[in-house]
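**Q** Below is one structure. I have some questions about it.
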Amino acid sequence: MSIESDGLAQLSSSPLLGAALAVVAVAQQLIGHIDCDVSWFSTFAEKVLDGRVAYVEVSDPNPPAAFLSLMPAVLLARALHLPTEALVAALVFLAAVGSIGFSFLLLRHGAARDRREWMQLLNAAIFLLLVAPEIVFAEREHIALLALLPLLAALAEERASAPRLARIVAGICGGLAVAMKPHFILAIALPALALALRERSVRALLRAELGAAALASVVVTGATLIAFPAYVGEALPLALEVYGPARDDLAHFLAHSLALAYLALLAGFLVAARGAALGRASVVALAASLGFFAAFLLQGKGWMNHAYPAMVLLLFAWIFLVLRDRAAPVAGLRAALTKFLFAPALLAAPAYFGIVEQLTDREEHEGLLAAVAAVAPPHPRIATIASQLDFGHPLTRRLAGEWVGRQNALFVTAAVGRLLETAGPERRQRLEARRSADLAALAEDIRVGRPDIIVAEDRATREWVLKRPEMAGALDGYRLAKQAADIEIWRRAE
């Protein structure tokens, strides 16, 4: 099936388009700034390099691979005396080039494609993997998808004729993705099971790349947990008891996430693919997309970075379907769905992931950066009284400041507040202990770290927090210096 005019087909397969997309990808990262998660994990990596004990003196509920994935950029930034943010972006661009190139090397052993199809695939990959990420660029999900792509390409081979070593390396890359978040194993397991069902043979599960992925995920995850034992003793129990269960309300989740958009695109694909002999690449991309979507639902936060891999792989499944149909054009419902659902969804991909915010360099909280800069000393030491990390990150890094605090925010306190609504007596006691420890840690960090600036989410949050006995006197010696909308900026008295 082809819904393109010859001119559009030539444009979509033009090397000039690929070059232009690459320039756009670089330009928009130069215009905007890294998001709060990437900023925080860069800070985490820096503090570990400076000698802080991971998951004790600086902590987070995510596995060690979350900050280790940014450690090379931090090391290079220090060696070259360059901003960490610039090195993060540069290394992710290099990783993307390597991932796309390696994936294409593996795919060439699969179904036969002419030069035009290869160029269309390449341009689509540049667009979806480098342009579309926008503010989720360099997020764990973005990096994990880049790591996983060669494994999916190996699985998409019709004859598994790529060199065995190349398939093993692809599997190892996939195992690294799983080490970042255990949920991502679903993006490997579902394609593997789909191929076993397609071939009606369990031998499909014995491919070298799948064995390598399983071994690598176990080895890498085990090694990081051995290297950072406090994660198992401190952060993991917290993640299992508080962070993981604190999922978004279902109605809010559906209304404010990409879940419904994904389901609409998935339904359209399934209808369009009815009666079609799906190519192996479409099957693999679709199954991996469903695996990532299942991980998105399991995490239950609704954040756009969590939805990114699922949406991108579903678009790739559509692309493989469209390319396969070129040999035997079809009309009717499939053509209409491709033209009026898939094509707009593909072109709108950057809008899903914050194109407006990226191109306008929009702040996480409008006016906060300028307000803090107006009252803070140079290179300020900053802490927050806030439920979300985006009040302190990337604010601290953008002011060339220093983060004071072991956690990125009072996320435990906020999560406990939601979980207490349905908790029984015994669980309430455990949750209250978690909240008390979270607040006590913040109070100690403020007393010991003596931040120059404390950013309070709003007056109500500050007043509630300061009424807790754990926080008694935490703001003694500070004065309200400025406000940005509801956000309060407190400065330590000279």
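The values are calculated or read from the model by the stated rules, or taken from the named source; none is laboratory data. This is a predicted model, so every value here is computed, not measured. We place every Cβ from the backbone using ideal geometry, glycine too, and count neighbours over all the protein chains shown. To get the accessible areas, we keep the full protein, side chains included, count just its heavy atoms, and leave off ligands, DNA and RNA. Shrake-Rupley method; radii C 1.70, N 1.55, O 1.52, S 1.80 Å.
**Q** Is the stretch 163-263 best put as rounded, prolate or oblate by its Cα gyration tensor, with a ≥ b ≥ c the root eigenvalues, rounded for a/c under 1.5, and otherwise prolate when a/b is larger than b/c, oblate when not?
**A** Values: a/c = 2.78, a/b = 1.24, b/c = 2.24.
Cα axes put the stretch 163-263 in the oblate bin.
**Q** Once you place label points 7 Å from the Cα toward the Cβ at His256 and Ser161, how far apart are they in nm?
**A** About 5.2 nm, to one decimal.
**Q** Still on this model: What fraction, in whole percent, of alpha-carbon pairs in the stretch 256-340 exceed 22 Å separation?
**A** Values: 938 of 3570 pairs.
Pairs farther apart than 22 Å: 26 percent.
**Q** Here's another thing I want to ask about it. Over the stretch 362-466, calculate the relative contact order: mean separation of alpha carbon pairs under 8 Å at least 6 apart, over the residue count, as a percent. Kindly include the intermediate steps, with their values, before the conclusion.
**A** Details: 127 pairs, mean separation 38.3, N = 105.
36 percent.
**Q** Leaving out ligands, DNA and RNA, and with a 1.4 Å probe, what % of the accessible surface on the chain is carbon or sulfur?
**A** Working: 13560 of 21160 Å².
Here carbon and sulfur together make up 64 percent of the probe-accessible area.
**Q** R0 = 45 Å: FRET efficiency of Ala79 with Glu463, Cβ-based, nearest 0.05?
**A** 0.45
**Q** Compute the relative contact order of the stretch 185-297 as a whole-number percentage, counting only Cα pairs closer than 8 Å that sit 6 or more residues apart in sequence.
**A** Relative contact order of the stretch 185-297: 64 percent.
**Q** While we're on this one: How charged is the neighbourhood of Ala65? Take every other residue with its Cβ under 11 Å from the Cβ of Ala65, and add Lys/Arg as +1 and Asp/Glu as -1. It would help to have the intermediate numbers written out before the result.
**A** Values: positive: Arg140, Lys181; negative: none.
Summing Lys and Arg as +1 and Asp and Glu as -1 gives +2.
**Q** Need the full-extension length gain, Asp486 to Arg362, defined as separation in residues times 0.36 nm minus the C-alpha distance. One decimal, nm.
**A** Working: separation 124, 0.36 × 124 = 44.64 nm, distance 1.77 nm.
Working it through step by step, the gained length comes to 42.9 nm.
**Q** Could you state the accessible area per residue of the stretch 224-303 in Å², with a 1.4 Å probe and every protein chain left in place? Display every interim value, and only then the final one.
**A** On the way: 3480 Å² over 80 residues.
With the other protein chains kept in place, the stretch 224-303 gives 43 Å² per residue.
**Q** Could I ask something else about it? Indicate the helices, whole DSSP H runs only, in the chain that combine a mean Kyte-Doolittle hydropathy of 0.0 or more with a Cα extent along their long axis of 15 angstrom or more. The partial results should precede the final answer.
**A** Values: long enough: 15-31 (24 Å, 1.90); 36-49 (20 Å, 0.57); 84-107 (34 Å, 2.11); 115-126 (17 Å, -0.23); 140-155 (22 Å, 1.59); 164-180 (25 Å, 1.55); 186-199 (19 Å, 1.64); 208-227 (28 Å, 1.73); 259-272 (19 Å, 2.38); 280-299 (29 Å, 1.64); 304-325 (31 Å, 1.28); 425-449 (35 Å, -0.87).
Qualifying helices, which must be both long enough and hydrophobic enough, are 15-31, 36-49, 84-107, 140-155, 164-180, 186-199, 208-227, 259-272, 280-299, 304-325.
**Q** Among the DSSP beta bridges whose two residues both lie in the chain, what percent are antiparallel, rounded to the nearest 5?
**A** So the antiparallel bridges in the chain amount to around 60 percent.
**Q** Relative contact order for the chain using alpha-carbon pairs under 8 Å, separation at least 6, rounded to a whole percent?
**A** Worked out over the chain, it gives 18 percent.
**Q** Related question: Once a ≥ b ≥ c are taken as the square roots of the eigenvalues of the Cα gyration tensor of the stretch 340-494, is the result rounded (a/c under 1.5), prolate (a/b larger than b/c) or oblate (a/b not larger than b/c)?
**A** Working: a/c = 2.54, a/b = 1.22, b/c = 2.08.
Oblate.
**Q** For the chain, what number of Lys pairs, 8 or more residues apart or on separate chains, have alpha-carbon atoms under 30 Å from each other?
**A** Details: Lys47/Lys181; Lys47/Lys301; Lys47/Lys482; Lys181/Lys301; Lys301/Lys467; Lys467/Lys482.
So the count of such lysine pairs works out to 6.
**Q** Rounded to two decimal places and with Rh computed the Kirkwood way over Cα pairs, what is Rg over Rh for the stretch 218-363?
**A** Details: Rg = 19.0 Å, Rh = 17.6 Å.
Rg/Rh: 1.08.
**Q** Could I ask something else about it? Ignoring ligands, DNA and RNA, what accessible area per residue does the stretch 14-167 give at 1.4 Å, in Å²?
**A** Details: 5680 Å² over 154 residues.
Accessible surface, normalised per residue, equals 37 Å².
**Q** Keeping every protein chain present and rolling a 1.4 Å probe, give me the accessible area per residue for the stretch 328-408 in Å². Walk me through the intermediate numbers first.
**A** Working: 3570 Å² over 81 residues.
About 44 Å² of surface per residue is accessible.
**Q** Follow-up question, since we're still on this one. First check a/c for the stretch 305-418, with a ≥ b ≥ c the square roots of the eigenvalues of its C-alpha gyration tensor; if it is under 1.5, answer rounded, and if not, answer prolate when a/b is larger than b/c or oblate otherwise. Don't jump to the answer; show the numbers that get you there.
**A** Numbers: a/c = 4.06, a/b = 2.71, b/c = 1.50.
It comes out prolate by the Cα gyration axes.
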